[in-house]
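Asker: My structure is below; once you've seen it, I'll send some questions.
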Amino acid sequence: MKIKLASVKSSELTKKQKRIIYLLKDTYWKFGIRSQEIWFKKNIAKNDLHNLLYINEVLIGYTVLRKKFYKNKLKKKIPFLIFDTLIVKKQFRLKKISNLLMNFNNIIMMNNNCLVFLVCKKKLKNFYEKFGWRLAKYKECLTFNNNSSTNICMVFNGKKNK
C-alpha cells in the first residue's frame, strides 16, 4: 500500500483533480457533482491549499485550508485560515486514516504561521482536540456565520495551543 500526501494550491489543481474532489465530497454531502462544482467556484480562491491523501494513486482523503484576511483596528490586513471539508472515502473511515491527514494539516498550518479556524458539530470537538485545536473565544469567531446551536467554533495556533 503506497500512501502519498500532497498540498496543492487551487491554481495548480487540474480539471481532473477537481472532478475527483467533487466526486469524493459528494459521497458524504450528497448535493450532486454540479452543486459541488458551484460551491468550489464560489468559495475557493486561487491560493487556498488543498491537502490530498492518496492510497495507491486513489484520492481517499481531502481537506482545504482557505486563506482569508481580516483588518485589525489599525486597518492592517491580518491573515488567517479556515479549515474546511474534512472527508475520507467511506471504506477507509474508522481506520485512523484521518489521523494521517490531520497530522499533515497541522504541519501545513504551522508553516503558515497564522490562526486557523473551523466550524464543526459539537460531537467532533474531542476529535479535533486530539490534534491541538481548542474552543475559540466568542470574539475570535465573529467572522463566521455560526448561528447553529449544534455547531462550535475551534481555533488552532500551532505551538501556542499545546
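Asker: Name the pairs whose Cβ atoms lie under 7 Å apart, with the first residue in region 121-147 and basic (Lys, Arg), the second open to solvent by less than 90 Å² (accessible area, probe 1.4 Å) and at pLDDT below 65, and 6 or more positions between them or separate chains?
Answerer: Every condition considered, the pairs that remain are 134/161.
Asker: Sticking with this structure for a sec: Run residue 88 past the list (1) at pLDDT 95 or above; (2) more than 18 Å from the chain's Cα centre (by Cα); (3) surrounded by 12 or more Cβ atoms within 10 Å (Cβ to Cβ) and report the number of the one that doesn't hold.
Answerer: That leaves (2) as the condition not met.
Asker: Okay, next question. Name every residue in region 112-127 that is aliphatic (A, V, I, L, M) and not in a strand (DSSP E or B), in order of residue number.
Answerer: We begin by selecting, within region 112-127, every residue aliphatic (A, V, I, L, M); these are 115-116, 118-119, 124.
Within region 112-127, 115, 124 meet the criteria.
Asker: Another one. For region 68-79, enumerate the residues that are open to solvent by 100 Å² or more (accessible area, probe 1.4 Å) and charged (D, E, K, R).
Answerer: Matches in region 68-79: 71, 73, 75, 76, 77.
Asker: Related question: Could you check region 33-67 and list, in sequence order, the residues that are more than 17 Å from residue 18 (Cβ to Cβ) and either touching an Asp or Glu at 6+ places or on another chain (Cβ under 9 Å) or surrounded by 16 or more Cβ atoms within 10 Å (Cβ to Cβ) (or both)?
Answerer: Result: 55, 67.
Asker: Restricting to region 98-137, name every residue that is open to solvent by 70 Å² or more (accessible area, probe 1.4 Å), hydrophobic (A, V, I, L, M, F, W, C) and over 25 Å from residue 59 (Cα atoms).
Answerer: 135
Asker: For region 149-162, enumerate the residues that are open to solvent by 40 Å² or more (accessible area, probe 1.4 Å) and at pLDDT below 65.
Answerer: 159, 160, 162
Asker: Looking only at region 1-32, which residues are open to solvent by 60 Å² or more (accessible area, probe 1.4 Å) and either part of a strand (DSSP E or B) or small (Gly, Ala, Ser) (or both)?
Answerer: Answer for region 1-32, where residues must be open to solvent by 60 Å² or more (accessible area, probe 1.4 Å) and either part of a strand (DSSP E or B) or small (Gly, Ala, Ser) (or both): 3, 4, 5, 9, 11.
Asker: Next question. In region 22-75, what count of residues is obtained for those that are farther than 22 Å from residue 96 by Cβ, touching a residue at least 40 places away in the same chain (Cβ under 8 Å) and in contact with a Phe, Trp or Tyr (Cβ under 6 Å, 6 or more places away or on another chain)?
Answerer: The qualifying residues number 1.
The values are calculated or read from the model by the stated rules, or taken from the named source; none is laboratory data. Model, not experiment: these values are computed from the prediction. Counting neighbours? That spans all protein chains shown, and the Cβs are built from the backbone with ideal geometry, glycine included. Ligands, DNA and RNA are stripped out before the accessible areas are found, and what is left, the full protein with its side chains, is counted by its heavy atoms. Shrake-Rupley method; radii C 1.70, N 1.55, O 1.52, S 1.80 Å.
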